[in-house]
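S.K.: My questions all concern the structure below.
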Amino acid sequence: DAGVIQSPRHEVTEMGQEVTLRCKPISGHDYLFWYRQTMMRGLELLIYFNNNVPIDDSGMPEDRFSAKMPNASFSTLKIQPSEPRDSAVYFCASSFTWTSGGFYEQYFGPGTRLTVT
Amino acid sequence: AQSVTQPDIHITVSEGASLELRCNYSYGATPYLFWYVQSPGQGLQLLLKYFSGDTLVQGIKGFEAEFKRSQSSFNLRKPSVHWSDAAEYFCAVGNSGGYQKVTFGIGTKLQVIP
């Protein structure tokens with residue numbers, strides 16, 4: 001498998017513009033996670049989905065952030081309008097549920113480095 | 001709520017020396033525990049995990065970790081560090097019931113000097 005795929009790898013945009021980050025999880029995985037990583041705050045969980053349904057979005061910083069998962073193989077994280085403080089590396093990760101009910105480790109994508117000027 | 005503490009933000013070791021990175025967790029039941037490594041500009045890669053059974057777990061790249069329930073710890077060790085081990089290391093705890101959620105520590109940045 002190709003692993004978790006994220007696009008774009010780098011994004012530079014101006015304040016006020018809309019930004020869309022994309023993620024393709026590993027085939028067969030039923031969980032998808034979006035994280036944000038900054039020097040100041042470390043790795044923060046923004047939102048996660050199970051079987052395409054958002055389970056917990058309490059980490060989404062504000063209404064400017066939204067995430068969707070229209071099908072099992074695609075998810076987007078959108079920021080509208082973007083602000084300089086949104087500059088960070090955004091990671092997508094996926095995992096799957098064991099048949100016994102436990103869960104497996106998360107597989108991370110390479111990340112999208114977002115710079116908002 | 002589950003939480004993870006990595007008390008050392010930055011550690012420097014000499015190449016060939018032994019390494020121990022500390023991790024303490026807080027969780028009411030038996031946790032799922034993980035160590036991940038992140039090289040500069042890369043995503044996180046799993047080093048090892050503990051779910052149940054033997055409390056000493058072996059991982060990739062010669063790393064091991066020991067789960068100590070009495071101390072709520074899951075420290076990462078390596079007997080001899082290589083320059084390529086320089087990276088950031090994250091300890092994480094996952095819940096053992098309901099929807100999956102993994103909480104990551106702040107990370108420990110490892111510097112290896114010749």
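The values are calculated or read from the model by the stated rules, or taken from the named source; none is laboratory data. Please read these numbers as outputs of a predicted model, since none were measured by experiment. Ideal geometry is used to build each Cβ from the backbone, glycine not excepted, and the neighbour counts take in all protein chains shown.
S.K.: Across region A:36-48, what is the number of residues that are without any contact (Cβ under 8 Å) to a residue 60 or more places away in the chain and assigned to a strand (DSSP E or B)?
M.R.: 9
S.K.: What single numbered condition from (1) more than 27 Å from A:Thr38 (Cα to Cα); (2) within 12 Å of chain A (Cβ to nearest Cβ); (3) polar (S, T, N, Q) fails to hold for B:Gln45?
M.R.: Of the numbered conditions (1) more than 27 Å from A:Thr38 (Cα to Cα); (2) within 12 Å of chain A (Cβ to nearest Cβ); (3) polar (S, T, N, Q), the odd one out for B:Gln45 is (1).
S.K.: Turning to a different aspect of this structure: Could you check B:Val13 against (1) over 14 Å from the mean Cα position of the chain (by Cα); (2) without any contact (Cβ under 8 Å) to a residue 24 or more places away in the chain; (3) in a strand (DSSP E or B) and say which number it fails?
M.R.: For B:Val13, the failing item is (2).
S.K.: Could you check, for region A:61-80, whether at least one of its residues is surrounded by 15 or more Cβ atoms within 10 Å (Cβ to Cβ) and facing chain B (nearest Cβ under 9 Å)?
M.R.: no
S.K.: Can you pull out the strands (runs of 3 or more DSSP E) entirely within region B:65-114 that have at least 2 residues that are in contact (Cβ under 8 Å) with a residue 60 or more places away in the chain and facing chain A (nearest Cβ under 8 Å)?
M.R.: Passing ranges, in order: B:87-94, B:102-104.
S.K.: Go through A:Ser58, A:Ser95 for me and flag whichever is within 14 Å of another protein chain (Cβ to nearest Cβ) and without any contact (Cβ under 8 Å) to a residue 12 or more places away in the chain. Talk me through it step by step, then tell me what you get.
M.R.: Numbers: A:Ser95 fails: without any contact (Cβ under 8 Å) to a residue 12 or more places away in the chain.
It is A:Ser58.
S.K.: Give the residues of region B:34-64 that are of a type in the set (A, V, I, L, M, F, W, C), free of Cβ contacts under 8 Å to residues at least 60 places away in the same chain and assigned to a strand (DSSP E or B), sorted by residue number. Reasoning before the result, please.
M.R.: Narrowing region B:34-64 to residues of a type in the set (A, V, I, L, M, F, W, C): B:34-35, B:37, B:44, B:46-48, B:51, B:56-57, B:60, B:63.
Filter once more, so that each one left must be free of Cβ contacts under 8 Å to residues at least 60 places away in the same chain: B:35, B:37, B:44, B:46-48, B:51, B:56-57, B:60, B:63.
Matches in region B:34-64: B:Trp35, B:Val37, B:Leu44, B:Leu46, B:Leu47, B:Leu48, B:Leu56, B:Val57.
S.K.: Take the residues in region B:51-71 that are closer than 27 Å to A:Arg36 by Cα and surrounded by fewer than 20 Cβ atoms within 10 Å (Cβ to Cβ), then tell me which one is nearest to the chain's Cα centre (by Cα).
M.R.: B:Gly59
S.K.: Mind checking which residues of region B:48-64 are of a type in the set (Gly, Ala, Ser) and within 12 Å of chain A (Cβ to nearest Cβ)? Even if it seems obvious, please write down each step before you answer.
M.R.: Pass one, region B:48-64, residues of a type in the set (Gly, Ala, Ser): B:52-53, B:59, B:62.
Matches in region B:48-64: B:Ser52, B:Gly59.
S.K.: Could I ask something else about it? Select, from B:Ser52, B:Ser96, B:Ser14, the only residue that is over 21 Å from A:Val4 (Cα atoms) and modelled with pLDDT of 95 or more.
M.R.: Details: B:Ser52 fails: modelled with pLDDT of 95 or more; B:Ser96 fails: modelled with pLDDT of 95 or more.
Selected residue: B:Ser14, the only one of B:Ser52, B:Ser96, B:Ser14 that is over 21 Å from A:Val4 (Cα atoms) and modelled with pLDDT of 95 or more.
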